[in-house]
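The values are calculated or read from the model by the stated rules, or taken from the named source; none is laboratory data. If you're wondering where the values come from, they're calculated on a predicted model, not measured in any experiment. Heads up, the Cβs are rebuilt from the backbone with ideal geometry, glycines too, and the neighbour counts pull from every protein chain shown. Side chains included, ligands, DNA and RNA excluded: accessible areas come from the protein's heavy atoms. Shrake-Rupley method; radii C 1.70, N 1.55, O 1.52, S 1.80 Å.
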Amino acid sequence: LGVLAVQSRELNREREATAAAQALAAQTATTLAEREALLARLMDPRVELVTLASTGAAKPTVRVYLDRVRKSALLSIASLDTAPAGKVYQLWFIVDGVPMPSVTFQTDAQGGALIEQVTLPAGTVAASAVTMEPTGGSTAPTMPILFVGSVKSE
């Protein structure tokens, strides 16, 4: 009877280990599928890359991937200092010479951020820009433009 109890406990441990391994495999498969979908979106020949140039001395990288067909964009940031307390970065799309407010964001400890599914405004986007704004964002830029990039004509 003692041998059966030991074998039963070992079998339960094995089942738990198998369930944990299956959960990890499922999570990994989901992560890989999400990355594959992101890569497919970025590699679509209709997607346009706009690299925003810094207007200051800093050397961070801000890239906007415009998908006019889906009317969306993806924002990729690297090496950008975290905005100070009470401030956030804000993306703008310039349409007919008017800055249209978009998403606000903060960078992580390494200066990076990836913002997906950014909605493009109606009209023809001529440029993209980033400013630093009060937390919550602004309806019109209140601070100098930190990054700006022109968009190819349609």
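For region 75-154, with every protein chain kept in place, what is the accessible area per residue (1.4 Å probe, Å²)?
Value for region 75-154: 51 Å² per residue.
Under unit Cβ charges (Lys, Arg +1; Asp, Glu -1), what dipole magnitude, rounded to 20 debye, does the chain have relative to its Cα centre?
Roughly 80 debye for the chain.
What's the extension gain from THR124 to MET143 if we count 0.36 nm per residue and subtract their Cα-Cα distance? Walk me through the numbers on the way to the answer.
Numbers: separation 19, 0.36 × 19 = 6.84 nm, distance 2.38 nm.
Length gained between THR124 and MET143: 4.5 nm.
Given a 1.4 Å probe and every protein chain left where it sits, what share in percent of the accessible area of the chain is carbon and sulfur?
For the chain, the apolar C and S fraction of the accessible surface comes to 59 percent.
Where the centroid of each part is defined by its Cα atoms, how far is region 135-150 from region 12-40 in Å?
That distance is 40 Å.
Rounded, prolate or oblate: which fits region 59-147 when a ≥ b ≥ c are the square roots of the eigenvalues of the alpha-carbon gyration tensor, with rounded for a/c under 1.5 and prolate only if a/b beats b/c?
Taking the square roots of the gyration eigenvalues as a ≥ b ≥ c, region 59-147 is oblate.
For labels at GLN106 and THR28 in the simple 7 Å Cα→Cβ model, what's the distance in nm?
Inter-label distance under the simple model: 3.3 nm.
Hey, can you rank 101-111, 62-72, 29-39 by average C-beta count inside 10 Å, highest first?
62-72, 101-111, 29-39
Obtain the radius of gyration and the Kirkwood radius of the chain from its C-alpha atoms and give Rg over Rh.
On the Cα set of the chain, Rg over Rh gives 1.26.
Going by alpha carbons, how many degrees (0 to 90, nearest 10) lie between the helix axis of 2-43 and the longest principal axis of the chain?
20 degrees
So the label point goes 7 Å from the Cα of LYS71 along Cα→C-beta, right? Which residues of region 90-115 then have their backbone N under 18 Å from it?
93-96, 100-103
ASP96 label point, 7 Å along Cα→Cβ, cut-off 18 Å on backbone N: hits in region 112-154?
Only 120-128, 140-141, 154 pass the distance filter.
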